[in-house]
Amino acid sequence: MSAAALPAASAITLARSFLFVPANRPDRYAKALASGAGAVIVDLEDAVSPQHKAPARGQLAAAFAGMTPSERTRLLLRVNASGTPWHEDDLALAQQLAAQGLAGVMLPKAESAAALKQVAAAVGQTCALVPLVESAAGLDALNALAGSAQVLRLAFGNLDFQADLGL
């Protein structure tokens, strides 16, 4: 399925601003969604310390159940990168939320189409993917990332990219 055919694609495609919210701060979800931002990214990666990641998943699942369908079409979940100890649990949550209308998943440190394929398989065809390019390897794989199924748009993480290059 092409990205343009994704049900939530219009809201995320038209978004001009993205607001990150730590996943372990459910008190901020509604405020972020009401802020006027085109989309809200609930962050399980950098914004949540390792000891708070598991509880944050539970907090997000509970809060998501109370969101309107309109809010869900503007919500992205930034999971932890492939190869981290938290990735599989994040994908399980993403799969659960995708079945309930999550608009998309942001994959940090995206460096291969294979990693995106794994995320796409977990979340199903109705969920968009937004690879976050943060390394030289990700930049090198840009065409493969952009051409992967369900990729709606790309994001660029300049700080991690600069660190990767030693700048």
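Within region 106-128, which residues are touching a residue at least 60 places away in the same chain (Cβ under 8 Å) and either closer than 24 Å to Ala163 by Cβ or touching a His at 6+ places or on another chain (Cβ under 7 Å) (or both)? Answer for region 106-128, where residues must be touching a residue at least 60 places away in the same chain (Cβ under 8 Å) and either closer than 24 Å to Ala163 by Cβ or touching a His at 6+ places or on another chain (Cβ under 7 Å) (or both): Met106, Pro108.
Does Leu145 satisfy being open to solvent by 40 Å² or more (accessible area, probe 1.4 Å), farther than 23 Å from Arg57 by Cβ and over 13 Å from the mean Cα position of the chain (by Cα)?
Working: open to solvent by 40 Å² or more (accessible area, probe 1.4 Å): no; farther than 23 Å from Arg57 by Cβ: yes; over 13 Å from the mean Cα position of the chain (by Cα): yes.
So Leu145 does not fit the description; no.
Within the bounds of region 89-100, is there any residue that is aliphatic (A, V, I, L, M), part of a loop (DSSP other than H, G, I, E, B) and either open to solvent by 70 Å² or more (accessible area, probe 1.4 Å) or without any contact (Cβ under 8 Å) to a residue 24 or more places away in the chain (or both)?
Here is the first cut: in region 89-100, the ones aliphatic (A, V, I, L, M) are 91-94, 97-99.
Those left that are additionally part of a loop (DSSP other than H, G, I, E, B): 99.
Next, from what is left, pick out any that are either open to solvent by 70 Å² or more (accessible area, probe 1.4 Å) or without any contact (Cβ under 8 Å) to a residue 24 or more places away in the chain (or both): 99.
Looking for residues that are aliphatic (A, V, I, L, M), part of a loop (DSSP other than H, G, I, E, B) and either open to solvent by 70 Å² or more (accessible area, probe 1.4 Å) or without any contact (Cβ under 8 Å) to a residue 24 or more places away in the chain (or both), one finds at least one in region 89-100, hence yes.
Based on what the data block shows, is Ala103 touching a residue at least 40 places away in the same chain (Cβ under 8 Å) and touching a helix residue (DSSP H, G or I) at 6+ places or on another chain (Cβ under 6 Å)? So Ala103 passes the test. The number of residues in region 7-65 being under 21 Å from Leu152 (Cα atoms), surrounded by fewer than 22 Cβ atoms within 10 Å (Cβ to Cβ) and either basic (Lys, Arg) or touching a Gly at 6+ places or on another chain (Cβ under 9 Å) (or both) comes to 9.
Of the residues making up region 12-56, those that are assigned to a loop (DSSP other than H, G, I, E, B) and over 24 Å from Thr84 (Cβ atoms) number 8. Scanning region 64-86 for residues that are in a helix (DSSP H, G or I) and out of contact with any strand residue (DSSP E or B) (no Cβ under 9 Å at 6 or more places or on another chain) gives Ala65, Pro69, Ser70, Arg72. Here Gln125 meets each of (1) modelled with pLDDT under 95; (2) touching a helix residue (DSSP H, G or I) at 6+ places or on another chain (Cβ under 7 Å) with one exception, condition (2). Regarding Thr73, is this residue under 15 Å from the mean Cα position of the chain (by Cα), open to solvent by less than 60 Å² (accessible area, probe 1.4 Å) and polar (S, T, N, Q)? The answer is yes for Thr73.
The values are calculated or read from the model by the stated rules, or taken from the named source; none is laboratory data. What you see is a predicted model; the values in this text were computed from it and never measured. Neighbour counts run over all protein chains shown; Cβ positions are idealised from the backbone, glycine included. For the accessible areas, the whole protein counts, side chains as well, though only heavy atoms, and no ligand, DNA or RNA atoms are used. Shrake-Rupley method; radii C 1.70, N 1.55, O 1.52, S 1.80 Å.
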